[in-house]
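Undergrad: Take a look at the following structure, please.
What follows draws every value from the coordinates through simple rules; no lab data is involved. Note that the coordinates shown come from a computational prediction; the quantities given were computed from them, not determined experimentally. Cβ atoms come from the backbone with ideal geometry, glycine included; neighbour counts cover every protein chain shown.
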Ligand SMILES: [Fe+2]
Ligand SMILES: [Fe+2]
């Protein structure tokens, strides 16, 4: 473990040196150095969005580090969950997707090679450093080894600092260049060569494994909103809370539509097959059979709509709940 750490420390210094070197000496300039906008290709938008999510989580980690300094303790479980997410999502999906983009960009413009090499080193560094941090957190949580707190702070400070530099470098020197260098067929190629996996915290549905992070972020939003007006508090907090039931409802509805459309397809296919396999005795069968088929499908449609209605009613109650709680709170405050 100590050897692993010292190797990692040397690597960190190398990573830092290279980062500074590339940033200072780079002559790359881009015409598209503006923030992402409506015309930004979907492939890049996903990367920009994921950078935002990572940035939010790094802020939470920085706050927890501050708590260690000022209060001598922090929410180590929350920190563990965030690092678990970093290893499971950005390290497994975000960075590898970027690496496919880097490869294509290097072919288009070889002057990007040093910067890309630097970024690839960072990707490797995040994996090594992430594992060390998870080990240290695990010891603190399960073995109560408080003495590891100083080492943990150093590891985290380094991790956050390299990650921030990394994202800045990607956005200012690589992603903007990608807009200039790639055309529609390149974007299509990237789309086919990579997989986009829905984010387990910021996607449509919050994964149970990361529920603690979600709750923490929801609380932060409410706290921040509290600094504005009371009306904003009611609206923003309620909106954030309603995201999950709403997305759950939408997911249930899409499951119902999916299963019912399969049934409708099967019913139609059987009807068509029966007309082909056994030709009707009477010409009116050509009308009667499709009509029967339509009636069968009608039952399926009605059944599906009934189920969707049930989900919508359930979802509406859940979505409305935080709003009504907020309004009740506002009324109570007005009375005082
Ligand atoms: Fe990256
Ligand atoms: Fe990135």
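Undergrad: So what's the gap between the Cα centers of region 165-202 and region 84-154, to the nearest angstrom?
TA: The two parts, judged by their Cα centres, are 18 Å apart.
Undergrad: Applying a 10 Å radius around every beta-carbon, put 205-213, 81-89 in order of their mean neighbour count, most first.
TA: Going by the mean number of other Cβ atoms within 10 Å, highest first, we get 81-89, 205-213.
Undergrad: Relative to the present Cα-Cα distance, how much length would full extension add between residue 103 and residue 220 at 0.36 nm per residue of separation?
TA: Computed gain between residue 103 and residue 220 is 38.3 nm.
Undergrad: Now for a different question. Could I get the Rg over Rh figure for region 58-100? Both from C-alpha atoms, Rh via Kirkwood, rounded to two places.
TA: Value, to two decimals: 1.16.
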